[in-house]
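Single-structure report; data block below.
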Amino acid sequence: MTGVGPGQSPRGHRSLPHTGDLRVEAWARTREECIVEAVRGMVGSFAELPPGASVVTRECVVSGDDDGRILAAVLEEVIYRMDAADELPADTTVTPEPGGVRVRFGMADSSTATQTGAVPKAVAWHGLRLGRDAHGWACQVTLDV
């Protein structure tokens with residue numbers, strides 16, 4: 001976990017147990033930083049990458065009808081890349097795009113990671129939230145593990 005919680009640190013994330021699933025909360029000053037923290041929270045919930053892991057850059061544009069769907073699409077992209085290419089994001093950058101965001105991942109080979117928990121298989125739509133709060137942006141997402 002980075003920081004203590006929303007409003008107590010400018011940006012961070014935490015994982016919370018959820019019945020049969022995993023709940024990730026993240027917060028930051030901007031929407032894009034909040035999405036980055038959600039990715040970090042998701043990956044950090046089940047894997048540790050070694051410092052200085054070799055990475056390859058992958059980029060995509062993600063769109064959605066609202067901010068929650070954009071968040072879900074970014075996390076689904078991570079799950080897809082884990083399954084299809086055995087890669088994990090060691091670093092993530094998100095920038096705004098019309099109707100969505102551009103995501104640049106620094107992807108590491110998942111074989112270099114130490115598995116520390118259950119790997120997410122899908123993003124649940126129930127309780128999905130990304131929006132402004134009193135301190136900036138915050139999100140909540142449940143991951144099926």
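The residue of the range 90-145 that is modelled with the highest pLDDT, among those that are closer than 17 Å to A72 by Cβ and more than 17 Å from the chain's Cα centre (by Cα), is E97. Cβ separations smaller than 8 Å between residues 6+ apart or across chains give no pair from the range 122-134 residues that are on the phi < 0 side of the Ramachandran plot to residues that are open to solvent by 90 Å² or more (accessible area, probe 1.4 Å) and in a strand (DSSP E or B).
Considering every residue within the range 82-100, establish whether at least one is touching a Pro at 6+ places or on another chain (Cβ under 8 Å) and not in a helix (DSSP H, G or I).
If we filter the range 82-100 for residues that are touching a Pro at 6+ places or on another chain (Cβ under 8 Å), which is where we start, we get none.
No, because not a single residue in the range 82-100 is touching a Pro at 6+ places or on another chain (Cβ under 8 Å) and not in a helix (DSSP H, G or I).
Do we have any residue at all in the range 102-115 that's in a strand (DSSP E or B), without any contact (Cβ under 8 Å) to a residue 24 or more places away in the chain, in contact with a strand residue (DSSP E or B) (Cβ under 9 Å, 6 or more places away or on another chain) and open to solvent by 30 Å² or more (accessible area, probe 1.4 Å)? No, there is no match, as no residue in the range 102-115 is in a strand (DSSP E or B), without any contact (Cβ under 8 Å) to a residue 24 or more places away in the chain, in contact with a strand residue (DSSP E or B) (Cβ under 9 Å, 6 or more places away or on another chain) and open to solvent by 30 Å² or more (accessible area, probe 1.4 Å).
I'm trying to understand the selection: among the residues of the range 49-63, which are surrounded by 12 or more Cβ atoms within 10 Å (Cβ to Cβ) and under 16 Å from the mean Cα position of the chain (by Cα)? Once the filter is applied, which keeps residues that are surrounded by 12 or more Cβ atoms within 10 Å (Cβ to Cβ) and under 16 Å from the mean Cα position of the chain (by Cα), the range 49-63 yields L49, R58, C60, V61, V62, S63.
Considering only residues in the range 4-38 that are under 16 Å from the mean Cα position of the chain (by Cα) and small (G, A, S), the one that is modelled with the lowest pLDDT turns out to be S15.
The values are calculated or read from the model by the stated rules, or taken from the named source; none is laboratory data. What you see is a predicted model; the values in this text were computed from it and never measured. We place every Cβ from the backbone using ideal geometry, glycine too, and count neighbours over all the protein chains shown. Areas reflect the complete protein model, heavy atoms only, side chains present, ligands, DNA and RNA absent. Shrake-Rupley method; radii C 1.70, N 1.55, O 1.52, S 1.80 Å.
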